[in-house]
Amino acid sequence: MRLTLNLPDGLLERVMDATGDTTKTAAIIAALEAYERLSRQARLRALRSGDTASRVGKPRRGTAAMNTVLIDTSIWLAYFRGTHVEWADRVVELLDRGEAVCCGSVLVEVASEAVSPEAAQSLTDALRGMPHLPTTDEVFSYAAELAAYLRPTAPVPPMRLLVAATATIHRVSLLTADTRLHAASRLRPLRLLCA
């Protein structure tokens, strides 16, 4: 899309310096993408501070870069419900430092806990603002390997296995409250940050 902009003197040059981009177009795109990412992160914070009980139902029973942390569903649900302040503080810290990532399995699990389709959409829209790790064929293969390995001692739901496999394959830390995943680190290196 072509666009004419009236910008304050020096602003575009400062943005180009900050982003390291050599063209005006690239600098504007980078700035807009950063703004969009920050806006979605702010929405995540607002969802927690607002009426989260109306968005996330009560818990059901039985149900790649350095410093990058994949936040597990168990942590997100506690964050949105406001049930563990220390976990929420850790999520905010990771968001503020730009170290938090998400994956498709977490989106599905969080949406499945929402109390309405509108709440599910609101939650997943906010989580989509974060960088996402892809669920590749290698992730699926490793999740199947993990399932076979953990089944005799600590059976883990398939979506949780996909989250652990995603963190392992992409070599990122996993922030989780699910103690069953400790055994997964015996099969392949997985850095668990226990809540």
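The values are calculated or read from the model by the stated rules, or taken from the named source; none is laboratory data. From a predicted model like this one, the values you see are computed outputs, not experimental measurements. Every residue, glycine as well, gets a Cβ built from its backbone with ideal geometry; the counts of neighbours run over all protein chains shown.
Give region 151-195 a look and list any residue that's among the hydroxyl-bearing types (Ser, Thr, Tyr), at pLDDT below 90 and either crowded, with 23+ Cβ neighbours inside 10 Å or over 22 Å from Asp89 (Cα atoms) (or both), or say none. Outline the logic, then answer.
The initial filter retains those residues of region 151-195 that are among the hydroxyl-bearing types (Ser, Thr, Tyr), namely 153, 166, 168, 173, 176, 179, 185.
Then drop every residue that is not at pLDDT below 90, which leaves 153, 179, 185.
Those that are among the hydroxyl-bearing types (Ser, Thr, Tyr), at pLDDT below 90 and either crowded, with 23+ Cβ neighbours inside 10 Å or over 22 Å from Asp89 (Cα atoms) (or both): Thr153, Ser185.
Every condition in (1) within 16 Å of the chain's Cα centre (by Cα); (2) assigned to a loop (DSSP other than H, G, I, E, B); (3) among the β-branched types (Val, Ile, Thr) holds for Val156 except the one numbered (1).
Name the single residue that is nearest to Val69 (Cα to Cα) among those in region 175-195 being out of contact with any strand residue (DSSP E or B) (no Cβ under 6 Å at 6 or more places or on another chain) and in a strand (DSSP E or B). Only one residue fits best here, namely Thr176. Here Val163, Val139 are screened, and the one residue that is within 27 Å of Ala34 (Cβ to Cβ), assigned to a helix (DSSP H, G or I) and not hydroxyl-bearing (Ser, Thr, Tyr) is Val163.
Against the numbered list (1) outside any helix (DSSP H, G or I); (2) in contact with a helix residue (DSSP H, G or I) (Cβ under 7 Å, 6 or more places away or on another chain); (3) not charged (D, E, K, R), Trp87 comes up short only at (1).
Taken over region 114-128, the criterion of being of a type in the set (Gly, Ala, Ser) and either assigned to a helix (DSSP H, G or I) or over 16 Å from Phe80 (Cα atoms) (or both) is satisfied by Ala119, Ala120, Ser122, Ala126. Kindly indicate whether any position in region 88-103 is modelled with pLDDT of 65 or more, farther than 14 Å from Arg128 by Cα and touching a His at 6+ places or on another chain (Cβ under 8 Å). Checking region 88-103: not a single residue is modelled with pLDDT of 65 or more, farther than 14 Å from Arg128 by Cα and touching a His at 6+ places or on another chain (Cβ under 8 Å).
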